[in-house]
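The values are calculated or read from the model by the stated rules, or taken from the named source; none is laboratory data. What you are looking at is a predicted structure, and each value in this text was computed from that prediction instead of being measured. Here the Cβ is made from the backbone with ideal geometry for all residues, glycine too, and neighbour counts use every protein chain on show.
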Amino acid sequence: MTELERAIHAQPAELRRLASLDVPAAAKRLAAGERVWLVGTGTSWHAAELGAAMFARAGVDARFASSNEFACRSPLRAGDGVIVLSHTGETAYARAARRRALDIGAETVSITASGVGWPEAIETGERERSETYTRSYTSALAVLALIAGVLGAEGLGPAAVVAAADATEAALESPDDFSEPPGLIVLAGLGAGMVTAREGALKLREAARLPAEGYDAEYLLHGNAVPLGEQDALIVVGRDADGFLPRLADAGRAAGLSVTELDQAEPADDLMAQIPLTARLQVLALRRAEAGGHDPDKVITGPWADETLWATGATWRLLRKESPSRVRIRPS
């Protein structure tokens, strides 16, 4: 069994454990800020985007940014709150983003794995052994839901995390049946489902080395769907009140694509439903990796693992304050 498969199936238990996590102190610190920035790289960036939606439900002026954007350009103020999401605490721009927040005096909370050593961090659990991150992503979403619940977000909090754990367990017990076309796999959703579409595409690219792309469904319609044909697949993620997603799926079928509509009735909360939806796409990535004979636990190799490339972003902000040996080749 791969480490990826172990991590995927550990998620229901991890979510139930995290539901009892004590987060009021972190929430109180963030509530003192004028705005809250949520910052991450890659999978952590997707968590930041969904986290911003959770905080917005609590009436918070919440903004998300990639670590690079935040470290170099975002208009941070001393009165802001900042959440830095970094599973390993080793990615260069994530470290630079954290350093910027601390230097300006922003109320800063980090969400990391155990053992990173950041004193302000909420630690979600042990580090993942697979480079295709799964458990750390859904764990970060659980922590963000808990904090948002304390801040007043309706429908978020411990009970919502437990409901997401139950739905994730059910999804893993009955995996979906996806077709396997030879061409491009396109995932599309709206709102929170758009974030899950992008995260699912990332898992397919990492674990299975497949050409996959995640889109906002409306953006896909406006020109990006034009080259798609019979060799390609469309996975429509989630639901919408206007019926746009079912109509998009119908258009895909009419164009000859292999189409899967991935809905998630439970939990009813759209933000929390992204956790089991993501788990279903994680399983797809795992199965496609197995079918292709790929190692989903080691994905950053060759020229993409160049140490200078991965250390970029640390050289001008961090190396004056931290040893360069702390910046390692590792996804965020």
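In segment 192-222, the residue that is surrounded by the fewest Cβ atoms within 10 Å (Cβ to Cβ) out of those that are out of contact with any Leu (no Cβ under 9 Å at 6 or more places or on another chain) and not hydrophobic (A, V, I, L, M, F, W, C) is His222.
Filtering segment 232-241 to residues that are farther than 17 Å from Thr196 by Cα and either at pLDDT below 95 or not assigned by TED's automatic domain parsing to the domain that holds Arg198 (or both) leaves only Ala241. When we screen Arg63, Arg73 for residues that are of a type in the set (Lys, Arg) and under 20 Å from Ala192 (Cβ atoms), the only hit is Arg63.
With respect to (1) more than 30 Å from Lys298 (Cα to Cα); (2) assigned to a strand (DSSP E or B); (3) of a type in the set (Phe, Trp, Tyr), the lone exception for Tyr215 is condition (1). Looking only at residues in segment 226-256 that are within 23 Å of Thr278 (Cβ to Cβ) and among the small types (Gly, Ala, Ser), the one that is nearest to the chain's Cα centre (by Cα) is Gly238. Of all residues in segment 223-242, those that are at negative phi and surrounded by 12 or more Cβ atoms within 10 Å (Cβ to Cβ) have Cβ atoms under 6 Å from Cβ atoms of residues that are of a type in the set (Gly, Ala, Ser) and not in a loop (DSSP other than H, G, I, E, B), 6 or more apart or on another chain, in Ala233/Ser258; Leu234/Gly252; Val236/Ala188; Val236/Ala249; Val237/Gly189; Val237/Gly193; Val237/Ala197. Going by what's in this entry, would Ala56 be described as closer than 22 Å to Ile275 by Cβ and in a helix (DSSP H, G or I)? For Ala56, the condition - closer than 22 Å to Ile275 by Cβ and in a helix (DSSP H, G or I) - is met. Please state which of the following conditions Phe70 fails to meet, knowing it meets all the rest: (1) out of contact with any helix residue (DSSP H, G or I) (no Cβ under 6 Å at 6 or more places or on another chain); (2) part of a helix (DSSP H, G or I); (3) more than 22 Å from Ala279 (Cβ to Cβ). Answer for Phe70: the failing condition is (1). Taking every residue in segment 262-285 that is closer than 20 Å to Tyr133 by Cβ and touching a residue at least 60 places away in the same chain (Cβ under 8 Å) and pairing it with any residue that is surrounded by fewer than 24 Cβ atoms within 10 Å (Cβ to Cβ) and among the aromatic types (Phe, Trp, Tyr), at least 6 positions away or on another chain, the pairs with Cβ-Cβ distances below 7 Å are Leu284/Phe178. Residues in segment 54-71 that are surrounded by fewer than 23 Cβ atoms within 10 Å (Cβ to Cβ) and in contact (Cβ under 8 Å) with a residue 60 or more places away in the chain: Arg57, Ala58, Gly59, Val60, Asn68. Annotation note: of Ala97, Ala171, Ala165, Ala148, the sole residue that is under 17 Å from Ala27 (Cα atoms) and not in a loop (DSSP other than H, G, I, E, B) is Ala148.
Looking at Thr278, Thr301, which is the one that is of a type in the set (Ser, Thr, Tyr) and either within 26 Å of Ala170 (Cβ to Cβ) or touching a His at 6+ places or on another chain (Cβ under 9 Å) (or both)? Reasoning before the result, please.
Numbers: Thr301 fails: either within 26 Å of Ala170 (Cβ to Cβ) or touching a His at 6+ places or on another chain (Cβ under 9 Å) (or both).
Of the residues listed, the single one that is of a type in the set (Ser, Thr, Tyr) and either within 26 Å of Ala170 (Cβ to Cβ) or touching a His at 6+ places or on another chain (Cβ under 9 Å) (or both) is Thr278.
Would you be able to say whether some residue in segment 132-146 is hydrophobic (A, V, I, L, M, F, W, C) and touching a Lys or Arg at 6+ places or on another chain (Cβ under 8 Å)?
First, the residues of segment 132-146 that are hydrophobic (A, V, I, L, M, F, W, C): 140-146.
Next cut, touching a Lys or Arg at 6+ places or on another chain (Cβ under 8 Å) only: none.
Checked against the condition, which is being hydrophobic (A, V, I, L, M, F, W, C) and touching a Lys or Arg at 6+ places or on another chain (Cβ under 8 Å), segment 132-146 yields no hits at all.
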